[in-house]
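To start, the structure itself, in C-alpha cells.
The values are calculated or read from the model by the stated rules, or taken from the named source; none is laboratory data. Because the structure is predicted, anything quoted here is derived from the model rather than measured. With ideal geometry, Cβ positions are generated from the backbone for all residues, glycine too; neighbour counts draw on all protein chains shown. For the accessible areas, the whole protein counts, side chains as well, though only heavy atoms, and no ligand, DNA or RNA atoms are used. Shrake-Rupley method; radii C 1.70, N 1.55, O 1.52, S 1.80 Å.
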Amino acid sequence: MRRPSALRRLSLHRVMTHADYVSTHVVGRSLLVSIAAIAVIHAFGIVTMGVSSTSALASMLLAAGMLYAILAGLAVASMGDDLGQGYASLYLAHPLSRAEYFAAWMTAGPLVVLVAYLLSVAAPLIALNPSSMLDASVYLPVLCIAGQISFHTSVAVFSSILFKDKSKAILALLTVIIIAPTLVVFVGGLLASAIHTVDIMSLVAKIVGVFHPAVFYMPFTPRGGSASLSLAYGFGASLILYYLGYRFFKYRTDI
Amino acid sequence: MSIVFDNVVKIYGSVEALRGVSFRVGEGSMTGLLGPNGAGKTTTLKITVGLVRPTRGRVLVAGMDPLLEEHGVKSILGYLPERPVYPGFVSVRTLLRYLAKLRGLSSRYAERVARLAGLSKYMDSKINALSRGYLQRLGLAQALLGEPEILLLDEPTANLDPAARVEILGLIARLKEDLGATVVISSHILPELQQVVDHVILISKGRVVDYGPLEELARRYGVTVVFRVDTPAPRSLARRLIDLDSVKGVLIHDGWLEVHVEALASGELGGILEDLRGSGMVRGFKVKTGYLGELYEKAISSA
C-alpha cells in the first residue's frame with residue numbers, strides 16, 4: 001500500500017504549536033516587534049509620500065523590502081542554531097515530524113514577514129485609493145519585492161540547514177543582500193569609467209538582479225524592466241531553495 | 001520485539017560509527033547499552049529515535065520504521081539525550097507544557113511528569129537556573145511525557161555527583177516499575193548499571209560484541225563477583241562459605257575474607273552474609289568488583 005506523502009500527514013495543530021513556540025521563545029518577541037514597527041513605518045511612508053509619485057513609491061517599497069528581508073533572514077537563521085546546538089533534537093524526539101518542524105519555521109519566519117509586508121502596503125493603499133490596487137504600476141512592484149523577500153529568506157533557510165549555524169546563515173544572507181551586490185556595483189563603476197564602448201551599467205543591473213530580483217523590474221528600468229522575469233526568478237528561485245533545503249533537512253541532516 | 005537493529009551501518013564522513021550493528025530488545029526489558037565513549041551508543045539511540053539516518057541496514061521500533069513512521073514511533077517513545085540542550089530562557093513549566101501540547105496532552109500531564117521526576121518545586125524556574133542534577137530530572141520528565149512504552153536514556157547519570165547518580169538510578173528503576181516500559185540505558189559507567197539492568201548489549205568500536213539476558217551472558221562468560229567480608233572468625237566462616245555451590249573460591253586474610261562467587265548468585269550470597277551479620281559472625285561486607293565490567297572485558301576479548 002502506498003504511504004501518504006509527508007505533506008498529507010502534516011498536522012496543522014503541531015505546526016502551529018511549534019510555530020507559536022518558535023516565534024515566542026526562539027525567534028524572540030523583539031524581532032516580531034521590529035517587523036511590526038517596520039510595517040507601521042512603511043505604511044506611514046506610503047501614506048505621506050508614496051502615493052505622490054510612482055518612483056517615490058518604488059524607492060520606498062524597495063528600501064522597506066530590504067529591511068523586511070533582513071529581518072526575516074535573521075529570524076529564520078535562528079534555525080541554524082536550533083539544529084547545530086541540539087535544541088532541535090529535543091523537539092524532534094517528540095511527535096513532531098521533520099516536515100512539521102520545517103513548516104513551523106517557515107510560518108514563524110518568512111510567512112509572517114511576507115504577510116506583514118503585504119498588509120503594510122495594501123492597508124494604506126486601499127484606505128487612500130482603492131482603485132490603485134488595480135493599477136499594474138502599483139501592485140507589480142509590490143509583488144516583485146515580495147518575491148525578492150521570499151528569495152532572500154529562502155537563502156537564509158537553505159544556509160541555516162546546510163551550515164547548522166546562525167552566524168554562517170546570516171553571513172550568507174548578508175552576502176546576497178549587501179556584500180555581493182555592492183561589490184558588483186563598485187567593480188562595475190570602475191569598469192564603466194574605463195570602458196565606454198560597452199553599456200557596463202546595464203550589465204551591472206542584470207547581475208545585481210540575480211541578488212535582488214526586484215531590480216529586473218525596478219527601479220533602474222521602471223518602464224523597460226521585465227516584471228515576469230522578476231516574479232518568476234524571485235518566487236521560482238525561492239521555491240527551489242525552500243524545496244532543496246527541505247529535502248536536505250529531511251533526507252540528509254543528522255540532528 | 002520492541003527494538004530491532006538489523007545490520008545497521010552509520011558513516012559520518014570518513015568515520016564509521018556503526019559497523020553492521022544487529023540486536024533485539026524485548027518488550028518490558030531493562031537493557032543496558034554498554035561500551036566506552038565513542039563505541040556508538042549515542043548514534044544507536046539517535047537512530048532508534050529517527051534523529052540520525054542509518055547509512056545502511058534496517059531499524060524497527062515496535063514494528064515501525066522510525067524514519068517512515070515518525071509520528072507512530074515518537075508517540076510511543078521517550079528519549080533523554082546524552083547532552084540535553086534546553087532553551088535556558090524559558091521556564092520548566094513552559095517547556096513541559098509545550099512538549100505536552102505536541103503530544104496532544106493537556107498541561108496537567110506536564111505537572112504530572114514534573115512530580116514524577118521530583119521537579120514540582122522548580123516549575124516556575126528558568127531552565128538556565130537549574131543545577132545539573134535538576135537538568136537531568138528535566139530530561140527525564142520530558143522523556144516521560146505521554147507515558148511512553150519505550151524509554152531511551154543516553155548516559156542518564158553523566159556529569160552528576162555520586163549522590164545524584166544513585167538518586168537518578170533509583171528514580172529510573174521506580175519509573176520502570178510504575179510504567180512497565182521497555183527501558184534502554186546507555187552508559188560507560190558499568191558498576192552502577194548492574195544495579196538496574198536485566199539485559200545488556202555490549203558494544204565496542206561500532207560493533208555489537210554480544211547481547212542478551214544478563215543471566216545468560218554472565219553464565220556464558222563465567223563471570224564472578226568478589227566480596228570483601230570482614231569477620232572475627234575468618235577460617236570458620238571460610239569453611240562455611242566454601243560449601244555453597246555458587247562460591248568459586250575463598251581467600252583468607254587477617255580479619256577478612258575475599259569471596260569469589262558466580263555473578264548470578266551474588267544476591268543470594270548477600271542475603272546469607274546479612275543473616276550471618278545478625279549472628280555476629282560477619283562484621284560487614286561489600287562488593288569489591290562488579291561483574292558487568294568483567295563481563296564486558298571477557299566478551300570483548302573473546303570477540
Of the conditions (1) in a helix (DSSP H, G or I); (2) within 14 Å of another protein chain (Cβ to nearest Cβ), the single one that A:Leu96 does not satisfy is (1)
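Is it fair to say B:Ser279 is over 25 Å from B:Glu192 (Cα atoms) and open to solvent by less than 80 Å² (accessible area, probe 1.4 Å)?
Values: over 25 Å from B:Glu192 (Cα atoms): yes; open to solvent by less than 80 Å² (accessible area, probe 1.4 Å): no.
It is false that B:Ser279 is over 25 Å from B:Glu192 (Cα atoms) and open to solvent by less than 80 Å² (accessible area, probe 1.4 Å).
Taking the options A:Val157, A:Val198, A:Val176, A:Val187, name whichever one is outside any helix (DSSP H, G or I) and either crowded, with 21+ Cβ neighbours inside 10 Å or not charged (D, E, K, R) (or both). Please lay out each step first, then the result.
Values: A:Val157 fails: outside any helix (DSSP H, G or I); A:Val176 fails: outside any helix (DSSP H, G or I); A:Val187 fails: outside any helix (DSSP H, G or I).
The conditions single out A:Val198.
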Original post:
Hey, does the range B:88-105 have a residue that's at pLDDT below 90 and either closer than 27 Å to B:Thr43 by Cβ or among the charged types (D, E, K, R) (or both)?
Top reply: yes
Worksheet item: Does any residue of the range B:283-299 turn out to be free of Cβ contacts under 8 Å to residues at least 24 places away in the same chain, open to solvent by 40 Å² or more (accessible area, probe 1.4 Å) and either closer than 30 Å to B:Tyr211 by Cβ or of a type in the set (Val, Ile, Thr) (or both)?
Response: yes
A:Ala136: passes all of (1) modelled with pLDDT under 80; (2) under 17 Å from the mean Cα position of the chain (by Cα) but (2)
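Can you list the helices (runs of 4 or more DSSP H) lying wholly within the range B:14-126 that have 3 or more residues being out of contact with any strand residue (DSSP E or B) (no Cβ under 7 Å at 6 or more places or on another chain), crowded, with 19+ Cβ neighbours inside 10 Å and within 12 Å of chain A (Cβ to nearest Cβ)?
Details: elements: B:41-49, B:70-75, B:92-102, B:107-116.
Counting at least 3 such residues, we get B:92-102.
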Okay, strands (runs of 3 or more DSSP E) sitting entirely in the range B:135-212 with 3 or more residues that are among the polar types (S, T, N, Q), I get B:182-187
Exercise for review: Looking only at the range A:181-194, decide whether some residue is within 19 Å of the chain's Cα centre (by Cα) and farther than 19 Å from A:Ala77 by Cα.
Suggested key: yes
Residues that are open to solvent by 40 Å² or more (accessible area, probe 1.4 Å), within 16 Å of the chain's Cα centre (by Cα) and closer than 20 Å to A:Gly234 by Cβ: does the range A:140-151 have at least one?
yes
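For the range A:71-91, state whether one or more residues are at pLDDT 80 or above, touching a Leu at 6+ places or on another chain (Cβ under 7 Å) and open to solvent by 30 Å² or more (accessible area, probe 1.4 Å). Can you show your working first?
Step one: of the range A:71-91, the residues at pLDDT 80 or above are A:71-91.
Imposing the further condition that a residue be touching a Leu at 6+ places or on another chain (Cβ under 7 Å) reduces the set to A:71, A:73-75, A:77, A:89.
If we keep only those that are open to solvent by 30 Å² or more (accessible area, probe 1.4 Å) too, we end up with A:74.
Among the residues of the range A:71-91, at least one is at pLDDT 80 or above, touching a Leu at 6+ places or on another chain (Cβ under 7 Å) and open to solvent by 30 Å² or more (accessible area, probe 1.4 Å), which makes the answer yes.
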